[in-house]
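A quick write-up on the structure given underneath.
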Amino acid sequence: MGKKLVIVESPSKSKTIEHYLGSDYIVTSSKGHIRDLSTSGKEGLGVDVENHFEPKYVVPRRKNDTVKELKKLVKDADFVYLATDPDREGEAISYHLAQVLNVDMDLTNRIVFNEVTKDAVINSLNNPRRIDLDLVHSQETRRVLDRIIGFKLSKLLQRKIKSKSAGRVQSVALRLICEKEKEIEAFTPEEYWKVIASFKEDDIPFKAELNKLETKKLKITNEAQALDIYNALDRQFKVESIKKTRKSKNSKPPFITSTLQQEASSKLNMAARKTMSVAQKLYEGINIGDETVGLITYMRTDSIRLSDTFVDSAQEFIKENYGKQYLGKVKKSTKTENVQDAHEGIRPTSIERTPEVMKKHLSNDEFKLYSLIYARALASLMASAKLDATSLVLDNNGYKFNSSGSILYFDGYLKIYGPYEQQTDEILPDLSEEQMIASESIEKTQHFTKPPARYSEAKLIKTMEELGIGRPSTYATIIDTIQARGYVKLENKAFFPTESGVLTNDKLTEYFNDIINVEYTATMEQELDEIAEGKNEYEKTLRTFLDRFQPLVDNAYDKMEVVAPKKTGEKCPQCGHDLVERNGRFGKFVACENYPECKYIKKEPVAVEETGEVCPQCGSKMIFKTGRFGKFEACSNYPECKYIKKKSTVKKEPVVTDEKCPECGEPIVIKQGRFGEFKACSNYPKCKTIIK
């Protein structure tokens, strides 16, 4: 009897699962997708638009060895299980594996698990199903849709305005940032004044702010008005009313993909891309001494549901460690739209694996993210925090001043989530109505209204989620793409559109406003959801879209003007034509406008940094240079002298980073090379990925 073969996506996950299954199983990985749309055919789309939008898939050259190895394993196996990730992308990968490896899709050979633990894996093997073709068609529709928009728009923009690319969702994200910038530029600050009284009663200092005259709300817009009010006030204030209430502060639900990215950005200063990379490692498996186990559930989810098993164990943990009074209610989802599949929220796979216990097994980033996920999931099941809130109204000649304070009298869920959600007591003295109190000082201060804040990464993700554009699993890629294309820059944690980004957005808005907008993009996401649910069709969706999109493309080719490069005011020393600014792979440069007839490029002077040593071969000064693999020391007399100082031969062990290899999924490490440190796949030389 042959062995049973289990195919997962990631090499790290395959190693974890190998520990759970007996000798009757072989576990291997596809290292992600094994085929993609080709770039052949009309317009290089890899899609036969006239023949029912039939996609043409090819196995990329870099995947040939992987496919060859998988075919051999499938041939020798008695049965094949497809165990790729439990989402639409994972379902599509299983479909392509079955197609390429000739695995019978009529068999119940698709297994899914939300966490990489022994119980979850064994349970999935006992409950296999068929490949869900509705999920596959939804992913395929998205892929073809993005290919059509991306290829057609990118080609147009490159020809007309020299922009690098455009995409269905990335262009909407860019539009949000550009529109926010326009709001800021159009903003006119308005003057306003505050009047604040300071007090100290029973050695407790507090302040009260003016907000009403009798029952009418006050808006102080200039200094003269503020001065009139100031002169009408006495030092003595009467306590007009005291209102005391008990308030509850509820915990938030467990993380979904988008809220994890937002909270990690704001609380841990961790970019979305890094958050997902670290979470992937926590999901796939961590060696904790006697076993390798996934520490969190699948991190690509829109659901806040928690399994009954986890809830029971967590509630018992809360009772034992904090007391019965800390038990809260299980959070229920209040929305059904945009919730992908039937996953759980992001949680630890075992409540007993506390961050403190796991710390010695985790890197610093892994520990910080695991602690956040653990605390959020546990806190979601804990009781509300309780506060005593007090609100005072103080009267001074008809002018009403307000002051409020609150005291936390039961910490509830803040017992565990307090480090991420600080609650500060604001204490007010014990006063009584009609009591007269004297102010220590009264101040009038000038202020101006502020423009709307630019998007931070967390705010941009939150906005995209609220508007229903893109999917949480794609947010990190979207943000990376618009930065890599030079359309936006991130400064002081805020996104600014670049000149190229503004131009690209302006042209897309002018010619493709019917397609590149929030409403249409959100509607398209809903149609993709309907396909996943079997309520819509692949071809119908694509045909409806293309019938609307293609006329816009044709119109843009006809009417969009070619933007001429910006002239520098200098002349080309070789042919006399104007020199212009151009955008290249490494940023802006100055070249002749007569390209390709004249290939002159203006070389900018480069500052030379000397090392303080001399060349042992010719006596010239040694300088620092930068090459493909970083900084190195060489002779300044190049090319006459080609001396390069060799690095120390003491071999350093590679340093493991939090990044994953895009080819095989193995960790990226920092290695020592001839020219210094560089990043590469830890699976080198089998995988030759080098990160530039």
Quiz item: With contacts defined as alpha carbon pairs under 8 Å and 6 or more residues apart, what's the relative contact order of the stretch 1-60 in percent?
Solution: 27
Practice problem: Tell me the Kirkwood hydrodynamic radius of the chain in angstroms, computed as one over the mean inverse distance between distinct C-alpha pairs. | Solution: 30.3
Quiz item: Can you list the aspartates and glutamates whose alpha carbon is less than 15 Å from that of Lys71, not counting same-chain residues fewer than 8 positions off?
Solution: Asp104
Self-check item: Spatial extent of the stretch 232-379: Rg and Dmax, with the Cα atoms as the point set, Å
Solution: 19.8, 76
Exercise. Past 25 Å, Cα to Cα, is the threshold; run Lys489/Lys559; Lys162/Lys489; Lys324/Lys386; Lys15/Lys274; Lys216/Lys249; Lys332/Lys462 against it and keep the listed order.
Key: Lys489/Lys559; Lys216/Lys249
Quiz item: In the stretch 345-433, which GluC sites (Glu not before Pro) are in a loop and have at most 15 other Cβ atoms within 10 Å, using DSSP for the loop call?
Solution: Glu352, Glu433
Exercise. Whole number in Å², please: accessible area per residue of the chain, 1.4 Å probe, ligands, DNA and RNA not counted.
Key: 52
Quiz item: Summing -39500 (n - 2.57) over the DSSP H runs of n ≥ 4 in the chain and dividing by its residue number, what mean residue ellipticity at 222 nm do you reach, to the nearest 500 deg cm²/dmol?
Solution: -10500 deg cm²/dmol
Quiz item: With N residues in the stretch 164-302, what two-decimal value do you get for its Cα radius of gyration over 2.2 N^0.38 Å?
Solution: 1.84
Self-check item: Low-density loop cleavage sites - GluC sites (Glu not before Pro) in the stretch 113-217, where at most 13 other Cβ are within 10 Å (DSSP)
Solution: Glu190, Glu214
Exercise. May I ask you to rank Val6, Val393, Val59 by accessible area, largest first, using a 1.4 Å probe over the protein chains only?
Key: Val59, Val393, Val6
Quiz item: Could you state the number of Å between the C-alpha centres of the stretch 433-450 and the stretch 499-518?
Solution: 49
Quiz prompt | Euclidean distance between Cα centres, the stretch 375-395 to the stretch 170-244, Å | solution = 25
Quiz item: What number, in nm² with one decimal, is the all-direction average of the projected area of the convex hull of the alpha-carbon atoms of the stretch 217-282?
Solution: 10.1
Exercise. With all protein chains present, calculate the accessible area of Arg454 using a 1.4 Å probe and round the result to the nearest 10 Å².
Key: 80
Exercise. Rounded to whole Å and ordered largest first, report the semi-axes of the equivalent ellipsoid of the stretch 64-152 derived from its Cα gyration tensor (root of 5λ).
Key: 25, 18, 12
Quiz item: Percent relative contact order of the chain, based on C-alpha pairs within less than 8 angstrom and at least six residues apart?
Solution: 14
Quiz prompt | Span from the the stretch 97-154 Cα centroid across to the the stretch 36-95 one, whole angstrom | solution = 11
Quiz prompt | Reach of Lys219 by Cα under 18 Å, taken over lysines that are not fewer than 8 positions away in the same chain | solution = Lys194, Lys400, Lys444, Lys450
Quiz item: Taking Cα atoms of the stretch 415-510, Rg/Rh with Kirkwood Rh, to two decimals?
Solution: 1.23
Exercise. Step through the table entries Lys42/Lys679; Lys602/Lys646; Lys267/Lys679, compare each Cα-Cα distance with 30 Å, and write down the pairs that go over it.
Key: Lys42/Lys679; Lys602/Lys646
Exercise. Express the Stokes-Einstein translational diffusion coefficient of the stretch 360-408 in µm² s⁻¹, to the nearest whole number, given a Kirkwood radius over alpha-carbon pairs, 37 °C and a viscosity of 0.692 mPa s.
Key: 219
Quiz item: When the accessible area of the chain is split by element with a 1.4 Å probe, what percent falls to carbon and sulfur?
Solution: 48
Practice problem: With unit charges on the beta carbon (Lys/Arg positive, Asp/Glu negative), name the residue among Ile149, Leu467, Phe317 whose Cα is farthest towards the positive pole of the charge dipole of the chain. | Solution: Ile149
Quiz prompt | Candidates per chymotrypsin sites (Phe, Trp or Tyr not before Pro) in the stretch 485-593, loop by DSSP, up to 11 other Cβ within 10 Å | solution = Phe586
Practice problem: Just check the stretch 113-238 against the gyration tensor rule for me: Cα atoms, a ≥ b ≥ c as the square roots of the eigenvalues, rounded for a/c under 1.5, and otherwise prolate or oblate depending on whether a/b exceeds b/c. | Solution: oblate
Quiz item: In whole percent, what relative contact order does the stretch 1-148 give with Cα contacts below 8 Å and a gap of six or more residues?
Solution: 24
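The values are calculated or read from the model by the stated rules, or taken from the named source; none is laboratory data. Bear in mind the structure is a predicted one, so any value in this text is a computation, not a measurement. As a convention, Cβ positions derive from the backbone with ideal geometry for all residues, glycine included, and neighbour counts pool all protein chains shown. Just the protein is used for accessible areas: all its heavy atoms, side chains included, with ligands, DNA and RNA removed. Shrake-Rupley method; radii C 1.70, N 1.55, O 1.52, S 1.80 Å.
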